[in-house]
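Asks: Below is one structure. I have some questions about it.
Each reported figure results from applying straightforward, stated rules to the coordinates on display, with no laboratory input. Keep in mind it's a predicted model, so treat the numbers as computed, not measured. Cβ atoms come from the backbone with ideal geometry, glycine included; neighbour counts cover every protein chain shown.
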Amino acid sequence: MAIKRRTAILVALGIVAAVVVALWKPTVLIYGMQSAGLYAAIAIPMGLVLGIVHIVNLAHGEFMMVAAYASYFACTASGMDPLLAVLPAAAVTAGFGLLVYKLTIRRALKSPELNQLILTFGLAITFSQGVNLLFSSQTRKISLEYVSASLTIGELSFGVWPFVFVFVAGAMAYGLKLFLTRTTTGKAALAVGQNPRGAAIVGIDVDRTYGLVFALATALIGGMGALFLTRSAIFPGVGGPFTMKSFSLVAMAGIGNIPGILGASVLLGLSEALMRAFRGLRGWADIIFFVLIMAVILGRSIKGRKS
Amino acid sequence: MILDVKKLEAGYGKLRVLDGISLSVGKESVGLFGPNGAGKTTIINAIMGIVKPWGGTIEFEGTRMEGMATHLVARAGIALVPQERELFPGMSVADNLELGAAWVPRGKPIMARQLETVLELFPILKERYRQYVGTMSGGQQRMVAIGRALMANPALLILDEPSLGLQPSIVAEVFDRLALLKKDISILVTEQNVRESLRAIDRGYVIENGAVVLEDTAAGLAVNPHVVSAYLGI
């Protein structure tokens, strides 16, 4: 009851803050929500892996970068629109993810967490430097007419395409919720995440489930790689900052809390947009996630000490 | 025989825990008794594929099982109620029970019927059907764990210290339920509470220092001087 009341108070405060910001600086709300959608859509697959396979994948953003490069070359060679590349990119990245899981991550699951971090950090470097060696550090972008569509409300004019990521994030969160709570395979994945030994005892193949979840997460991030092409230019290091931000969002939300990732993304997106709204603070916007994660960890520590 | 274990050897690292244990379970209820560290849980873990045996054989319904992965042992028809329950605390009673049958060929086709049987056996689970298991008491969680194992429609039900951490009234309830179950399912139960478990078993083994030191019927064990002095505290 107390938790519900606290949540209701937080939601009410959030709505009040959003209304104040919307009236005071509407661009903060618009650009903040657009960024939040992108961050959430990228962070949710990382949250899935951390919640079930219990591994922090520091190569998460690099999987997206590799998928974005593959989609870029497929689209420029065939003239295909990146939107049509979303599903093929997801399928190919899922296969690639499964291969990486089987060859590397699977072998480190029982190792200390530091070894797992070093492994995925190594994968991240291998992916970004591999792409750098093969295709140089030159930025690449596909020009698309529909992404420049804009909307004008009064004196305010803004692009509408980035809102696509808000819908993608929502659909991803809802789809995963349905998968994890309504399907036998999803429930098995949830069970493996909560208690791998208990899952094996009831006949669930834990290793296969880990592989499946990792492949699903890389499929989602692979699809995002193709979609990312519609919004930004790509270069070998483009994934790194998203890995860091995704990790901070997943940590803020709490392990396995996918709706929490949506909330944390809104907080991060709005905070960044707010910083960018002030000339002297713009340069600090990209590191605001550090401040937020420290605040959340500090809050949890104080709460834990009290309880 | 449903389960036939011969000369089983197992341990952890360099520590030998089981020293050539042989035991069998037919269409009956069998108890494994012994002090802490005797090797009871290691026998269970070796049967379930949680611990890899160093030697010996484990045969279940005519198939060799030693070294088989845990999920395959479960799918073959052995259900375990572990000492630590090993439930899914963030999931409801309904989901925990469903997962007990969903991946086992013997349980999946008759899931609805098994659910009815389990809810009849443990009416409290019907009341708490949508409750998260992590919010339930230890005794209720034990019932979920037994119910989850029964959902698999197992040929052999193994219970590792089912009375551990439970208050005496709940222990009596658990063993009453086990006494009912033994009519339909083969049961292998390890227990330190020998007095209660003798009510629910047909036959028992006493394990000490990784070896079988005594084997008898429940009635025979109840009057055996070693069992009486060491385990019944008379």
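Asks: What whole-number distance in Å separates the alpha-carbon centres of region A:1-70 and region B:1-29?
Replies: Going from one Cα centre to the other spans 53 Å.
Asks: Going by alpha carbons, how many degrees (0 to 90, nearest 10) lie between the helix axis of B:168-181 and the longest principal axis of chain B?
Replies: 90 degrees
Asks: Hey, could you get me the Stokes-Einstein D for the protein assembly as shown, Kirkwood radius over alpha-carbon pairs, 37 °C and 0.692 mPa s, rounded to whole µm² s⁻¹? Please report the intermediate quantities before stating the final value.
Replies: On the way: Rh = 26.4 Å.
It diffuses with D of about 125 µm²/s by this estimate.
Asks: Another question, then. With Cβ to Cβ distances under 15 Å as the rule, what net charge do the other residues near residue A:300 carry (K, R +1; D, E -1)? Could you put the intermediate results ahead of the total?
Replies: Numbers: positive: A:6, A:303, A:305, A:306; negative: none.
Every neighbour counted, the sum reads +4.
Asks: Once you average over the residues of A:178-185, how many Cβ atoms of partner chains fall within 10 Å of each Cβ?
Replies: Details: counts 0, 0, 0, 3, 0, 0, 5, 2.
For this peptide, the per-residue mean of nearby foreign Cβ atoms is 1.
Asks: Report the residue, chosen from A:201, A:125, A:255, that carries the largest GNM mean-square fluctuation when chain A is represented by alpha-carbon nodes joined by springs under 10 Å.
Replies: Looking only at A:201, A:125, A:255, the largest GNM fluctuation is found for A:201.
Asks: Students often get this wrong, so check it: of B:7/B:52; A:177/A:303; B:52/B:182, which have C-alpha atoms separated by over 20 Å?
Replies: Numbers: B:7/B:52 14 Å; A:177/A:303 28 Å; B:52/B:182 29 Å.
Exceeds cut-off: A:177/A:303; B:52/B:182.
Asks: Follow-up. Take the alpha carbon atoms of region A:200-235, find their center, do the same for region B:142-198, and report the distance between the two centers in whole angstrom.
Replies: Cα centroid to Cα centroid, the span is 41 Å.
Asks: Under the definition of partner shielding as Cβ atoms of other protein chains within 10 Å of a residue Cβ, what is the mean value for peptide B:77-85? Could the numbers behind the result be given before it?
Replies: Values: counts 1, 1, 3, 4, 1, 3, 0, 3, 2.
The mean count of partner-chain Cβ atoms within 10 Å per residue comes to 2.
Asks: What is the spin-label model distance, in nm, from residue B:229 to residue A:290 if the labels are put 7 Å beyond Cα along the C-beta direction?
Replies: Calculated label separation equals 7.2 nm.
Asks: To continue, here is another question. Summing +1 for each Lys or Arg and -1 for each Asp or Glu, what net charge is found among the other residues whose Cβ lies under 15 Å from the Cβ of residue A:274?
Replies: Numbers: positive: A:25, A:276, A:279, A:282; negative: A:272, A:286.
Combined, the nearby Lys, Arg, Asp and Glu give +2.
Asks: Taking chain A as a Gaussian network, Cα atoms linked when under 10 Å apart, which of A:47, A:130, A:211 shows the biggest mean-square fluctuation?
Replies: Comparing A:47, A:130, A:211 in a Gaussian network model of chain A, the most mobile one is A:130.
Asks: Follow-up question, since we're still on this one. If you add up the charges near residue A:70, with Lys and Arg at +1 and Asp and Glu at -1, over every other residue whose beta carbon is less than 14 angstrom from its beta carbon, what do you get?
Replies: On the way: positive: A:140; negative: A:62.
Result for the neighbourhood of residue A:70: 0.
Asks: Let me ask something additional. Would you mind getting me the FRET efficiency between residue A:5 and residue B:192? Use the beta-carbon distance for r and R0 = 30 Å, nearest 0.05.
Replies: On the way: r = 45 Å, r/R0 = 1.50.
Calculated transfer efficiency: 0.10.
Asks: What order do you get for B:200-206, A:23-29, A:152-158 when each peptide is scored by the mean count of other beta carbon atoms within 10 Å, highest first? Could you put the intermediate results ahead of the total?
Replies: Values: B:200-206: 22.3, A:23-29: 15.6, A:152-158: 9.1.
The packing order, highest mean first, is B:200-206, A:23-29, A:152-158.
Asks: So if I take the centroid of the Cα atoms in region A:114-159 and the same for region A:72-110, what is the distance between those two points in Å?
Replies: Going from one Cα centre to the other spans 15 Å.
Asks: Relative contact order (percent) for region B:181-234, with alpha-carbon contacts under 8 angstrom and 6 or more residues of separation?
Replies: With pairs under 8 Å counted, the relative contact order is 29 percent.
Asks: Still on this model: Shielding by partners for A:187-200, please: the mean number of other protein chain Cβ atoms within 10 Å of each residue's Cβ. Display every interim value, and only then the final one.
Replies: Numbers: counts 7, 3, 0, 5, 10, 1, 2, 8, 8, 2, 6, 12, 7, 12.
Per residue, the number of nearby Cβ atoms from other chains is 6 on average.
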